[in-house]
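Colleague: Sharing a structure below in structure tokens format, with a few things to ask.
The values are calculated or read from the model by the stated rules, or taken from the named source; none is laboratory data. Since the model is a prediction, treat every value here as computed from it, not as a measurement. Just so you know, the surface numbers come from the protein's heavy atoms only, side chains and all, with ligands and any DNA or RNA stripped out. Shrake-Rupley method; radii C 1.70, N 1.55, O 1.52, S 1.80 Å.
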Amino acid sequence: VSQSRYTHSEACADRDLILIAVPTPHSAEYDGSTPISGLPAKDFDYSMLQIAVLDASEAAPKTPIVIISTCLPGTTRRLFSEVPNEVIYNPYLISMGAVQDDLKDPDIVIIGTRDGAQTPAVEKLKYLHYDMAESSINGSIHQGTWEEAESIKIFYNTFISTKLGLVNMIQDVLKIS
């Protein structure tokens, strides 16, 4: 995906988990600047994610892979159910300008697996989140299937966008008054 001084094999060797965070961009016409109700439904571009997951799987076929990138519901199962590694979907809820703070103090942690089961890899991932967090996140970990985790991420993003839209509208009204 990007040039690095390490090969994929070196970067993935002897790891407990491989975390993958690459862009999953949308088409330019879906940037929110105009209504999309008249446009056809269109998915994100997962090409970089597919390359990264397949490269990691080839480099370390037994190491669990954790996908952090945003995916629409059904994507992980559709694209990665045949990958030999255990695949976990763990999207981060981060905002521009506050990434570090959001990682240290997440609102919630979302974890999705093939069947929603607790596995040793999921336990390692939870410990990673406990170690990163500056406050307690015990009640904030939500675990389910891939589709449930993907849905929570998308619904959360939609809710935040709705709140921002409402605040912007209120500000516009106050400027008029």
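Colleague: Output needed: percent of Cα pairs per 5 Å distance bin for region 68-161, bins running from 0 to the one holding the longest distance.
Modeller: Here the calculated profile for region 68-161 is 3, 13, 24, 25, 19, 11, 4, 0.
Colleague: Can you classify the chain as rounded, prolate or oblate using the Cα gyration tensor, where a ≥ b ≥ c are the square roots of its eigenvalues, rounded means a/c under 1.5, and otherwise it's prolate if a/b beats b/c and oblate if not? Kindly include the intermediate steps, with their values, before the conclusion.
Modeller: Values: a/c = 1.96, a/b = 1.51, b/c = 1.30.
Prolate is the answer for the chain, as a/c is 1.5 or above and a/b outweighs b/c.
Colleague: So for the chain, averaging the separation of alpha carbon pairs under 8 Å that are six or more residues apart and normalising by length, what relative contact order in percent results?
Modeller: 20 percent
Colleague: Would you list the P(r) distribution for region 120-177, with all Cα-Cα distances sorted into 5 Å bins from 0 and each bin expressed as a whole %?
Modeller: So the P(r) values, bin by bin, are 4, 15, 14, 15, 16, 11, 9, 7, 6, 3, 1, 0.
Colleague: Okay, moving on. Can you tell me the convex hull volume per residue for region 6-109, based on C-alpha atoms, in Å³ to the nearest whole number?
Modeller: About 140 Å³ per residue, rounded to a whole number.
Colleague: Can you give me the P(r) profile for region 93-133? Cα pairs, bins 10 angstrom wide beginning at 0, each as a whole percent.
Modeller: 27, 46, 24, 3
Colleague: Also, I was wondering about something else. Where the accessible area of region 13-132 is counted over protein heavy atoms with a 1.4 Å probe, how much of it, in %, is carbon and sulfur?
Modeller: It is 55 percent, rounded to a whole number.
Colleague: Cross-link list Lys104/Lys163; Lys42/Lys126; Lys62/Lys126: which exceed 25 angstrom alpha carbon to alpha carbon?
Modeller: Lys42/Lys126
Colleague: Based on Cα positions only, what radius of gyration and what Dmax would you give for region 42-84, in angstroms?
Modeller: Taking only Cα atoms of region 42-84, I get Rg and Dmax of 10.4, 33 Å.
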